[in-house]
Amino acid sequence: MIQLLLLPAALLIALVFGIPLIRYCWLSVHANSVVTGLVAIPNHGANWLRLFNDERFWQDSAQTARFAFVSVSLELLLALAIALLLDQRWRGRGVVRAITLLPWALPTTVMALGWRWIFNTPYGPIEQLAVLFRLPPLNILSNPDITWLATVVGDVWKTTPFVALILLAGLQTIPNDLYEAFYLEGGNPRAAFFKVTLPLLQPYLLLGLLFRLAQAFGVFDLIQVMTGGGPASSTESLALYAYLNAMRFLDFGYSATVMIGSFLLLVFICLFSWLVIYQTRHLRGVFK
Amino acid sequence: MIRTRKLWITALLLWSLAPLLWQVYTSFCSNESLLHTLTDHQSRWTLENYRQVLTANPPFWRYLLNSALVGITSTGLTLLIAIPAAYSLVKVPRNVARGAKLFLLGAALFPYVLLFLALLELARNLNLGNNLLALSFPYTALSMPLAVLLLSSAFRDLPSELEEAARVEGLGLWQRLRWVLIPLIAPATASTAILVFLFSWNEYPIALTWISSADLLTLPVAIARIAGSSVYSIPYGAYAAATVLGALPLLLLVIIFQRQIVSGLTQGAIKG
């Protein structure tokens, strides 16, 4: 009887998560585009063959993975520092915590456009500073080699507070007695950090890593508004490519294929990073 | 020690606020002075940007209103469905609950942007496009996994004797929920509500594809549209004014509900 209360929630989730995934699998083995008059015609895996030979898909995969790994690593490091700072007791901590949260609470698109202005050539502050210091123009948003770094900055700025809060929650579960005992045994703060804090924080670091990796891999809002995937597709993410396939090229069959492909890659990357972490943990045990 | 801490705090504040303060600064600059943002300029200060944004068609507060409407309906719907579900998740056998939680965690982790195409088809088939209230349907569903996880961990924390006592007193299931259990999980409910509201307020890809009529745009889409208007001649002054106006409600929200947001995220991290 009580289980019936689960039904509406389960139905909603099945409808919004389940049906799309089934629909994508079906679409991915059909041609459904402007060419076919938006009618689905079975095409015997032609979409998948195209995906494997699609250089743009693989380039976007590499770019998305690069973006995700670099921003998530930076976020974890910065968030750890912020969490350690916010975990200490000092006057005005509440206010600082609220301000730290602010970037995370703002809509991504709002600050994506903000970053575009900040990195603008030649009028944005970064370029103006470059002029003041008599540096050559940086052309941050029009140089395919460095634009992705600007998107990393935007992502790190926005999502670090979120990771910091997860780590802060972890820090607060570590009992003070442990540190006291450690210091009584003659340990110093640096050793306490590596021998007490980090090991006990590990589950939270993993949670933050997994959560952020999945989100960063599906990055869309930031890229679409900040760079539109350019210059020369150098910042295009997989989600943006799937979006362009559907909304600009009106090729729904292939768009669905790109989405399943991205999802499979994401699962693969999550498993891979989990394995790497698991392995290094073993190695550390061996060296002890 | 204290001094280095102060240094770190200053760095943290600067990092969090500088990009926003730059937007505030830009929003008060006249268009001509934006060509020389860091050097002296006569007639720099102006309210023209704000006037322009607030008298545009539709005026900017319209988008704030739209976002608020979607946010409130999605939050209400989510709580209405998630609270009973979270309660029953505590009552089902342990292994079922564990399976359900893993499933919910997976759904919460899923990069939902990948769902947009199928959801767009759904909107077309059910005629839900260009309808603000209809947006709360996908938003409710997408918030559901996290909401159920947070709320069920709150229900689990309540001592079971409490509900037992209420049952002995002769209260039915509905009465127990209404008078005993739901009031007790109010803090978790508040946290969940804020997180769902923030998600709905900020959501972009679905709002982008479901809504095309200019009067019905939500804030994130309206702002992105300014970006799409032209690559080279974005009205940055007016845009910065829009950013500031769009950020103000959230600034208030974060300041007022800071405690709930923190506890919501941290509870989720500890028990989710």
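Might you check whether a residue that is closer than 30 Å to A:LEU165 by Cβ, of a type in the set (A, V, I, L, M) and at pLDDT 90 or above occurs anywhere in segment A:94-101?
Within segment A:94-101, the subset closer than 30 Å to A:LEU165 by Cβ is A:94-101.
Subsequent filtering for residues that are of a type in the set (A, V, I, L, M) retains A:95-96, A:98-99, A:101.
With at pLDDT 90 or above added as a condition, the list becomes none.
Within segment A:94-101, none of the residues are closer than 30 Å to A:LEU165 by Cβ, of a type in the set (A, V, I, L, M) and at pLDDT 90 or above.
Quick one: would you say B:ILE261 is hydrophobic (A, V, I, L, M, F, W, C) and at pLDDT below 85? Spelling it out, B:ILE261 is indeed hydrophobic (A, V, I, L, M, F, W, C) and at pLDDT below 85.
Summed over segment B:108-165, residues that are farther than 25 Å from B:GLN260 by Cβ and of a type outside the set (A, V, I, L, M, F, W, C) total 11. Scanning segment A:54-103 for residues that are more than 13 Å from chain B (Cβ to nearest Cβ) and over 13 Å from the mean Cα position of the chain (by Cα) yields A:ASP54, A:GLU55, A:ARG56, A:PHE57, A:TRP58, A:GLN59, A:ASP60, A:SER61, A:ALA62, A:LEU77. Listed here are the helices (runs of 4 or more DSSP H) enclosed by segment A:167-284 that have at least 2 residues being within 30 Å of B:ILE223 (Cβ to Cβ) and either at the interface with chain B (Cβ under 9 Å from one of its Cβ atoms) or without any contact (Cβ under 8 Å) to a residue 60 or more places away in the chain (or both): A:198-217, A:221-226, A:238-247. Between B:ALA82, B:ALA97, B:ALA86, B:ALA107, which is of a type outside the set (Ser, Thr, Tyr) and either within 25 Å of A:ILE260 (Cβ to Cβ) or touching a strand residue (DSSP E or B) at 6+ places or on another chain (Cβ under 8 Å) (or both)? Going through B:ALA82, B:ALA97, B:ALA86, B:ALA107 in turn, the sole match is B:ALA107. The set of residues in segment B:183-215 that are buried (at least 22 other Cβ atoms within 10 Å of the Cβ) and of a type in the set (Phe, Trp, Tyr) comprises B:PHE197, B:TRP201, B:TYR204, B:TRP210.
Take A:ARG134 and tell me if it is modelled with pLDDT under 90 and either among the small types (Gly, Ala, Ser) or over 24 Å from the mean Cα position of the chain (by Cα) (or both). Working first, answer last.
Values: modelled with pLDDT under 90: yes; either among the small types (Gly, Ala, Ser) or over 24 Å from the mean Cα position of the chain (by Cα) (or both): yes.
Yes.
Residue under question is A:ASP155, and the condition is that it be surrounded by 14 or more Cβ atoms within 10 Å (Cβ to Cβ), among the charged types (D, E, K, R), under 23 Å from the mean Cα position of the chain (by Cα) and away from chain B (no Cβ under 11 Å); does it hold? For A:ASP155, the condition - surrounded by 14 or more Cβ atoms within 10 Å (Cβ to Cβ), among the charged types (D, E, K, R), under 23 Å from the mean Cα position of the chain (by Cα) and away from chain B (no Cβ under 11 Å) - is met.
This table checks each residue for (1) out of contact with any Leu (no Cβ under 9 Å at 6 or more places or on another chain); (2) at pLDDT 85 or above; (3) within 11 Å of another protein chain (Cβ to nearest Cβ).
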{"position": "A:ILE13", "(1), (2), (3)": "no, yes, yes"}
{"position": "A:VAL16", "(1), (2), (3)": "no, yes, yes"}
{"position": "A:PRO20", "(1), (2), (3)": "no, yes, yes"}
{"position": "A:ARG23", "(1), (2), (3)": "no, yes, yes"}
{"position": "A:TRP26", "(1), (2), (3)": "yes, yes, yes"}
{"position": "A:HIS30", "(1), (2), (3)": "yes, yes, no"}
{"position": "A:SER33", "(1), (2), (3)": "no, yes, no"}
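Taking first residues from segment A:10-38 that are closer than 27 Å to B:PRO84 by Cβ and partners that are part of a helix (DSSP H, G or I) and of a type in the set (S, T, N, Q), the Cβ contacts under 8 Å between residues at least 6 apart in sequence or on separate chains come to A:LEU12/B:THR140. When residues in segment B:254-264 are screened for being facing chain A (nearest Cβ under 7 Å) and touching a residue at least 40 places away in the same chain (Cβ under 8 Å), 1 of them pass. With the structure loaded, tell me whether A:GLY37 is within 13 Å of chain B (Cβ to nearest Cβ) and more than 25 Å from A:LEU222 (Cα to Cα) or whether it fails that test. For A:GLY37, the condition - within 13 Å of chain B (Cβ to nearest Cβ) and more than 25 Å from A:LEU222 (Cα to Cα) - is not met. Residues of segment A:1-41 that are crowded, with 20+ Cβ neighbours inside 10 Å and within 18 Å of A:MET259 (Cα to Cα): A:VAL16, A:PHE17, A:PRO20, A:TYR24, A:LEU27, A:SER28, A:HIS30, A:ASN32, A:SER33.
Taken over segment A:104-147, the residue count meeting the criterion of being hydrophobic (A, V, I, L, M, F, W, C) and more than 11 Å from every other protein chain (Cβ to nearest Cβ) is 5.
A count restricted to segment B:97-133 and to residues that are part of a helix (DSSP H, G or I) and farther than 23 Å from A:LEU5 by Cα stands at 17.
The values are calculated or read from the model by the stated rules, or taken from the named source; none is laboratory data. As the structure is a prediction and not an experimental result, all values here were calculated from the model. So basically every Cβ, Gly included, is an ideal-geometry build from the backbone, and we count neighbours across all protein chains shown.
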